[in-house]
Amino acid sequence: TAWVKREDAGKNNARLFDIGVKDVYFNLMFPSETSALMEIRPQSDSSSIRSVSAELPGYGEWVHIAAVYGDGATALYVNGELAAENLDCTYTPSLFADTSNSSIGRSQYAGAPFYDPNFKGQIENFRIYNRVLTAEEIAAVKEENNQIGSGTVLATLKAALDGIAIENLDDVTAD
């Protein structure tokens, strides 16, 4: 889950997060000003991709997003409400045990031929959970962390990423 404020209309396909290595990934991207797309790809065969997309408020607005993956489904929650789900996803999170190329705000595909842009905006209260949250829990997380601009992003980010192989975590800063 995270609060995000996207700021650049020219940054389509920017990632909120990208977990995995190369063609085996779990990510959340913003393909347009008013949409979010979560993709799960457990192998290099593109026919294995499972995705779900949802409508979002436009750029410049704070929005709470929760990407849920597990128990045979994927789902996106926007501002505490279920926005979209795909009940055809039997993949398990253990497929993404190699997290050496994972990132927040950046795509694994930053080079040719893709050139996916970096996220431009603000991210607050980014959290990764080790289990599937219920709809009620997601609504509660949204309400308990409804302190946009509180400056707690750095501590929350470092705590959320503990144990995930991301290089240069000590270089993460908050404004």
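The values are calculated or read from the model by the stated rules, or taken from the named source; none is laboratory data. Computed from a predicted model, the values in this text were never measured in an experiment. Here the Cβ positions follow ideal geometry from the backbone for every residue, glycine too, while neighbour counts run over all protein chains shown. To get the accessible areas, we keep the full protein, side chains included, count just its heavy atoms, and leave off ligands, DNA and RNA. Shrake-Rupley method; radii C 1.70, N 1.55, O 1.52, S 1.80 Å.
Before moving on, here are some points about what is shown:
- For residue 119, the conditions (1) in a loop (DSSP other than H, G, I, E, B); (2) more than 15 Å from residue 11 (Cβ to Cβ); (3) in contact with a Leu (Cβ under 9 Å, 6 or more places away or on another chain) are fulfilled apart from (2).
- Residue, modelled with the lowest pLDDT, within segment 72-101, restricted to residues that are open to solvent by less than 30 Å² (accessible area, probe 1.4 Å) and touching a Gly at 6+ places or on another chain (Cβ under 8 Å): 96
- Taken as a whole, the condition of being open to solvent by 50 Å² or more (accessible area, probe 1.4 Å), at pLDDT 85 or above, among the hydroxyl-bearing types (Ser, Thr, Tyr) and part of a loop (DSSP other than H, G, I, E, B) applies to residue 129.
- Check on residue 109, of a type in the set (Phe, Trp, Tyr) and surrounded by fewer than 16 Cβ atoms within 10 Å (Cβ to Cβ): no
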